Amino acid sequence: VRVYSLLGPGQDPHTYEPVPRDALALARADLVLLNGYDLDFWAERLLEGASPRPPALELAEGVPVEPLPWPGAAKRGDPHLWMDPTLVVHYVEQIAAALARLDPEGAPYYRQRAQAYARELQRLDAWIVAQVSSVPPERRLLVTTHDAYRYFGRRYGIVILDTVWGISTEEEPSAYRLARLFQQLRAYGVPAFVETTINPQ
């Protein structure tokens with residue numbers, strides 16, 4: 001299997017601008033894997049122009065999603081499911097099934113690799129649980145740049161106090177939102193961390 005990743009490490013899927021080679025890669029693909037829930041909407045637009053259109057799989061579809069807590073967002077759901085390794089297992093199973101449909105002779109191999117990776121994800125989940133358990137419960141608070149850690153918090157008992165942006169880094173934080181964020185940081189004495197795709201200022 002030859003894999004072409006449209007986004008490289010450190011690139012923000014919310015704001016990524018596709019380049020011509022991305023359209024070419026999609027046109028040549030036997031299978032396109034998307035996250036779904038509008039996270040990679042730009043890739044969906046590229047697919048609409050592809051001829052012939054390759055089969056595409058939205059991996060977050062069919063996984064129980066956390067509803068977004070604001071009006072008009074009920075159908076979207078939070079797309080950041082990979083923050084919970086136990087949910088990533090659903091992604092892995094879907095990929096293995098899709099590859100088996102394309103290559104029935106390879107199905108046992110894809111199934112075997114998917115099971116091995118699911119075991120790795122289980123070990124990762126257990127490791128995170130152990131790390132979080134070393135933090136006193138009253139200190140399990142998180143402030144970060146955008147609202148991407150809802151599933152992480154739910155899985156590991158971490159309270160997401162506040163964020164600069166909402167679900168997408170495309171949004172512009174208001175002065176009110178920033179003031180509220182600073183107030184939370186001071187009130188709780190919580191250090192904020194910045195994701196690698198965000199300007200640290």
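Only the coordinates and a few stated rules stand behind these numbers; no lab work does. Predicted, not measured: the structure shown is a model, and the values here were computed from it. Here the Cβ is made from the backbone with ideal geometry for all residues, glycine too, and neighbour counts use every protein chain on show.
Observations on the structure shown:
- The peptide list 49-58, 92-101, 130-139, put in order of mean Cβ contacts within 10 Å with the highest first, becomes 92-101, 49-58, 130-139.
- Whether region 1-142 is rounded, prolate or oblate, judged on the alpha carbon gyration tensor where a/c under 1.5 counts as rounded: oblate
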